[in-house]
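Contents: one structure, followed by commentary.
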Amino acid sequence: MKRDDLLSTQDRRFVRTTEAARYLGVSVPTLWRWARERPNFPRPQRLGPRSTRWDLGDVDAWLALRGER
């Protein structure tokens, strides 16, 4: 792994589903519906059978594409 790859990995911030929903100002069911129905919406990262996290960098990039941040 290159140093730049490592730095970009360290800068990532992963949050729980409830935190991602709060960050976007929507409910948890809305967050999951967007992930299911919108092809350009960021996908959650599965860390285990009962652990899902959202990359806020991906969420911010999605918001930037929409012109919201």
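Observations on the model:
- Counting only heavy atoms of the protein chains and using a 1.4 Å probe, L47 has close to 120 Å² of accessible surface.
- Computed with a 1.4 Å probe over protein heavy atoms only, the accessible surface of the range 11-63 comes to 65 Å² per residue.
- A Förster radius of 22 Å combined with the Cβ-Cβ distance from R66 to R46 puts the calculated FRET efficiency at roughly 0.30.
The values are calculated or read from the model by the stated rules, or taken from the named source; none is laboratory data. Nothing here was measured: the structure is a model prediction, and the numbers come from that model. So basically every Cβ, Gly included, is an ideal-geometry build from the backbone, and we count neighbours across all protein chains shown. Accessible surface is based on the protein model in full, side chains and every heavy atom, while ligands, DNA and RNA are left aside. Shrake-Rupley method; radii C 1.70, N 1.55, O 1.52, S 1.80 Å.
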